[in-house]
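Participant: Handing you this structure, nothing more for now.
Every number here is computed from the coordinates shown, using simple stated rules; none is lab data. These numbers were taken from a predicted model, which means no experiment stands behind them. Reconstructed Cβ throughout: ideal geometry from the backbone, glycine too, with neighbour counts over all protein chains shown.
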Amino acid sequence: MQNIDNFNFAGKKAIVRVDFNVPLDENGKITDDTRIRGALPTLKKILADGGALIIMSHMGKPKGKVNPKMSLGQIADAVAEKLGAPVQFAPDCAKAADAAAALKPGEVLLLENLRFYPEEEGKPVGIEKTDPAYDEAKKEMKARQKEFAKTLASYADVYVNDAFGTAHRKHASTAVIADYFDADSKMLGYLMEKEVKAVDNILSNIKRPFTAIMGGSKVSTKIGIIENLMDKVDNLILCGGMTYTFAKAQGGNVGKSICEEDKLQLALDIIAKAKAKGVNLVLGTDCVAADDFSNDAHTQIVPANNIPDGWEGLDAGPETRKAFADAIRGAKTILWNGPAGVFEFDNFTAGSRAIADAIVEATANGAFSLVGGGDSVACVNKFGVADKVSYVSTGGGALLEAIEGKVLPGVAAIKGE
Ligand code: AMP
């Protein structure tokens, strides 16, 4: 496989898939530029070598239609500033051949949002999966996706994928495009390389004890990874909104807490499985219950399985926080995905903060800690500890799928698998 560090981009045009899906405020200003900063080493290397740069990304979910609110034109100046080079903007990503052809070494062209075209995702639009004509529509869209990918590929001599956040998607710009470059002319970017290595560290180089912390709102979206981790971890902390599905499944009262009624048996299965495999499953025992889903709600500490009617658990209680910290502090490998409470409200951050603090402590004592998924990354940023954990991943879904052991299409396409 071609390696970016060894490659000389001099005189070449490189098309780079990045993840510039950055959050914007109502005035189109970037509120968190982590993703742009993440791609800079790759982009700067290409320019420093004397290559020309064509940058492509998606932003938001425009569902195959032009939507000015999701235009990448809004961030062109910010990209130019961070890159230290002027950035030209191509307002139609599929009609940028002339602009790309005119690029000289050291010049930069940013393409408009790829997802303004349904071909990027390759899913048929305006037709339900249940429609008898769906399969035909899908086939037709896949053919169009190939053409779209071919057009993008025609702009450049080299393809670089540095968008880990979308590496689990088989989209035109993340995977299909790689077919139009030979093995020597496609490669992973620095960010992708780092991400793949961090996952590898977790999967193949486990130092024990291994503690995984899975939080967030629902069991259903995390079940794949929970089941997979069960074979690998010593301690498994399940926290956040899932706490109440587990409490209810075991006969508890959870008031109006978030609870997946159709996942109660699944929760019991997870408990049984952990027992059978000798995994120390750590669930919340007490919680901070609130009388309203708001930062200013009244609160009380109650058992997680005995929440009064009309109240809901929004954060881990003090006993739980201590149990979580104990399972983290002694660990040598740590994976954290998903908050332990509604951390967006300042009054319900204690659980997530206790987790973050314990991870920082363990890391200082030599543990390898990987934090990934939008919300846990937001947590470590909020608590100012992002530089005190071993690795903060830019990937949410991609990270989880990689840890589940799935081959990421974005990586496989480069490797030619
Ligand atoms: P997810 O997208 O599944 O990773 O979930 C992240 C979201 O879970 C965050 O927005 C949190 O506010 C939310 N969350 C965490 N704990 C709770 C809880 N106890 N009740 C409701 N939402 C929660």
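Participant: Roughly how far apart, in whole Å, are the Cα centres of the range 244-278 and the range 174-222?
Facilitator: After rounding, the separation between the Cα centres reads 29 Å.
Participant: Could you calculate the contour length gain from K104 to Q88, that is, 0.36 nm times the residue separation minus the distance between their Cα atoms, to one decimal place in nm?
Facilitator: The K104-Q88 span can extend by a further 4.6 nm.
Participant: Can you list the lysines whose alpha carbon is less than 19 Å from that of K104, not counting same-chain residues fewer than 8 positions off?
Facilitator: K12, K13, K44, K45, K95
Participant: Among T285, T31, T394, T349, what is the fewest-to-most ranking by other Cβ atoms within 10 Å?
Facilitator: Placing the least packed residue first, the sequence is T31, T285, T349, T394.
Participant: Short version: ³J(HN,Hα) in whole Hz for each residue of the range 229-246, in order, from phi by Karplus 6.51 cos²θ - 1.76 cosθ + 1.60 (θ = phi - 60°), x for Gly and Pro, what are they?
Facilitator: Values, residue by residue: 5, 3, 7, 10, 8, 9, 10, 10, 9, 10, 9, x, x, 4, 3, 7, 5, 5 Hz.
Participant: What does a probe at K63 reach in the range 127-155, counting residues whose amide N is under 15 Å from the point 7 Å along Cα→Cβ?
Facilitator: 127-129
Participant: How many nm separate the modelled label positions at D262 and S154, each set 7 Å beyond the Cα in the direction of the Cβ?
Facilitator: 4.6 nm
Participant: I've got another one for you. According to the square roots a ≥ b ≥ c of the eigenvalues of the Cα gyration tensor, what is the shape class of the range 206-402, taking rounded for a/c under 1.5, prolate for a/b larger than b/c otherwise, and oblate for the remainder?
Facilitator: The shape class here is oblate.
Participant: So for the range 122-213, taking the charge dipole from beta-carbon charges (+1 Lys/Arg, -1 Asp/Glu), which of S154, N205, A178 sits furthest toward the positive end?
Facilitator: Highest projection toward the positive end goes to N205.
Participant: Where does the chain land at 222 nm, in deg cm²/dmol rounded to the nearest 500, when only DSSP H runs of n ≥ 4 count, each adding -39500 (n - 2.57), divided by all residues?
Facilitator: My calculation for the chain gives -10500 deg cm²/dmol from helical runs alone.
Participant: With angles folded into 0 to 90 degrees, how steeply does helix 350-364 sit against the dominant principal axis of the chain? Use alpha carbons for both and round to 10.
Facilitator: Once rounded, one gets 70 degrees.
Participant: Still on this model: I'd like the FRET efficiency for K95 and K139, computed as 1/(1 + (r/R0)^6) with the beta carbon distance as r and R0 of 25 Å, rounded to 0.05.
Facilitator: 0.50
Participant: Determine the relative contact order of the chain: mean sequence separation of Cα pairs under 8 Å and six or more apart, normalised by residue count, in whole percent.
Facilitator: It comes to 15 percent, rounded to a whole number.
Participant: In a Gaussian network model over the chain where Cα atoms closer than 10 Å are linked, find which of V66, V158, V219 has the largest mean-square fluctuation.
Facilitator: Its mean-square fluctuation being the largest, the pick is V66.
Participant: Using the alpha-carbon centroid of each, what span in Å lies between the range 1-75 and the range 303-358?
Facilitator: Their Cα centres are 35 Å away from one another.
Participant: Tell me the Kirkwood hydrodynamic radius of the range 261-367 in angstroms, computed as one over the mean inverse distance between distinct C-alpha pairs.
Facilitator: Final number for the Kirkwood radius of the range 261-367 is 15.0 Å.
Participant: For the chain, set up a GNM with springs between Cα atoms under 10 Å and report which of Y391, Y134, Y159 has the largest fluctuation.
Facilitator: Fluctuation is largest for Y134.
Participant: Let me ask something else. If you wrap the range 59-193's Cα atoms in a convex hull and average its projection over all directions, what's the area in nm²?
Facilitator: With the hull built on Cα positions only, its mean projection is 9.0 nm².
Participant: Something else now. Treating the beta-carbon of each Lys and Arg as +1 and of each Asp and Glu as -1, no other charges, what is the dipole magnitude of the range 206-402 about its Cα centre, to the nearest 20 debye?
Facilitator: 860 debye
Participant: Another question, then. In a Gaussian network model over the chain where Cα atoms closer than 10 Å are linked, find which of K332, K65, K222 has the largest mean-square fluctuation.
Facilitator: Greatest mean-square fluctuation among the candidates belongs to K65.
Participant: Using θ = phi - 60° and the Karplus form 6.51 cos²θ - 1.76 cosθ + 1.60, what ³J(HN,Hα) does each residue of the range 110-127 get, whole Hz, x for Gly and Pro?
Facilitator: 9, 7, 5, 2, 4, 7, 5, 9, x, 4, 4, 7, x, 9, x, 9, x, 9
Participant: Okay, moving on. From the cross-link list K69/K218; K218/K388; K61/K123; K248/K382; K61/K194, which pairs have alpha carbons spaced over 20 Å apart?
Facilitator: With Cα atoms farther than 20 Å apart: K69/K218; K218/K388; K248/K382; K61/K194.
Participant: Which value in nm describes the separation of the simple spin-label points at N365 and D182, placed 7 Å from the Cα toward the beta carbon?
Facilitator: In this crude label model, N365 to D182 measures out at 5.5 nm.
Participant: Related question: Using a 7 Å offset from the Cα along the Cα-to-Cβ direction at both S204 and T130, what is the distance between the two label points in nm, to one decimal?
Facilitator: 4.5 nm
Participant: Take the residue pairs K63/K150; K82/K197; K232/K332; K186/K406; K65/K142 and return only those whose Cα atoms are more than 23 Å apart.
Facilitator: K82/K197
Participant: I want to verify the translational diffusion coefficient of the chain in µm²/s; compute it with Stokes-Einstein, Rh as the Kirkwood radius over Cα pairs, at 20 °C and 1.002 mPa s.
Facilitator: Here the translational diffusion coefficient equals 94 µm²/s.
Participant: Which value, in debye to the nearest 20, describes the size of the charge dipole of the chain about its Cα centre when Lys and Arg Cβ atoms bear +1, Asp and Glu Cβ atoms bear -1, and nothing else is charged?
Facilitator: About 900 debye.
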